[in-house]
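Below is one structure, written out as C-alpha cells, with a few remarks after it.
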Amino acid sequence: MDDTLFSKSRSQKKRDSKELQAMGEQLAALTREELRPLDLPVDLLTALDELRTLSKHEAKRRQAQFVGKLMRGIDPEPIRDFLSSRGQAKAEADSAFHEVERLREKLLQGEDAPLDAFFDAHPQADRQHLRQLVRNARLELAKGKPPKNSRALFRALRETMQNQD
C-alpha cells in the first residue's frame, strides 16, 4: 500500500507539535524533583531548565519549540497521564480550600449550624478551640480589627479536615 494514504496531514502535524510544546511548557513549570518520576532524557531536562530561566518572549518561544522537538522523540502518553493526574490533584486541593473558605465565611456571618455539621463530620476536632476561634474572629470582624483569629480559624479548619483524610 501507499504510505501517503496513512501519513498525517500537515495541519495534524502542527497540532501535535503545538500540543508537545504546551506539555513542555507545563513541564518547565515543575522542578527537577517533581519531574523525577517521568525519567526524562538528560537533553530534555537540560532544555527544560533553560526554558525556565529565559525571560524574553522570543527566546522562550524558540526554546519551547526546541523542547517540543525533543519531545517528539519520546512517548508522550506517560507525560500526558502525569500532567493530568497533577491537574486533578490541584483541582481537588483547590476545591477543599474553597470549601474551608465558605465554611469560615458562614461561621463569621453568625451561623452556628455549619459548625455543628462540621463537628458531626469531624468528631476528632477540638471543639473548644474552634468555638473560641469563631467567637474571637466574630469579635475581630465587629470591631474592624485585623483578621488574625479569622486566619487562625481557617488554618484550624483546614488542618482538621486534612487530618481526617
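The numbers here are math on the coordinates, done by the rules we state, and not lab data. Nothing here was measured: the structure is a model prediction, and the numbers come from that model. Glycine also receives a Cβ, built like all others from the backbone with ideal geometry; neighbour counts cover every protein chain displayed.
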- Note on the structure: Of the candidates L130, L83, L107, the one satisfying the condition of being in contact (Cβ under 8 Å) with a residue 12 or more places away in the chain, part of a helix (DSSP H, G or I) and either within 17 Å of E25 (Cα to Cα) or of a type in the set (F, W, Y) (or both) is L83
- Task: Considering each residue of the stretch 17-72, count those that are under 17 Å from G87 (Cβ atoms) and among the charged types (D, E, K, R), and give that number.
- Result: 3
- Message: Can you find, within the stretch 55-71, the residue that is surrounded by the fewest Cβ atoms within 10 Å (Cβ to Cβ) among those that are assigned to a helix (DSSP H, G or I) and either of a type in the set (G, A, S) or on the phi > 0 side of the Ramachandran plot (or both)?
- Response: A59
- Answer with yes or no whether A142 is without any contact (Cβ under 8 Å) to a residue 24 or more places away in the chain and assigned to a helix (DSSP H, G or I). yes
- Please find, within the stretch 20-44, the residue that is nearest to the chain's Cα centre (by Cα) out of those that are over 17 Å from Q65 (Cβ atoms) and crowded, with 16+ Cβ neighbours inside 10 Å. L30
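Determine whether the stretch 145-156 contains at least one residue that is among the hydroxyl-bearing types (S, T, Y), in a helix (DSSP H, G or I) and under 30 Å from L30 (Cβ atoms). Write out each step before concluding.
Filtering the stretch 145-156 for residues among the hydroxyl-bearing types (S, T, Y) gives 150.
Remaining after also requiring in a helix (DSSP H, G or I): 150.
Now drop any that are not under 30 Å from L30 (Cβ atoms), which leaves none.
Within the stretch 145-156 (the criterion being among the hydroxyl-bearing types (S, T, Y), in a helix (DSSP H, G or I) and under 30 Å from L30 (Cβ atoms)), the answer is no, since none of the residues qualifies.
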- Item | Leading residue by the ranking (nearest to F154 (Cα to Cα)) among those in the stretch 72-121 that are of a type in the set (A, V, I, L, M, F, W, C) and exposed (fewer than 14 other Cβ atoms within 10 Å of the Cβ) | F97
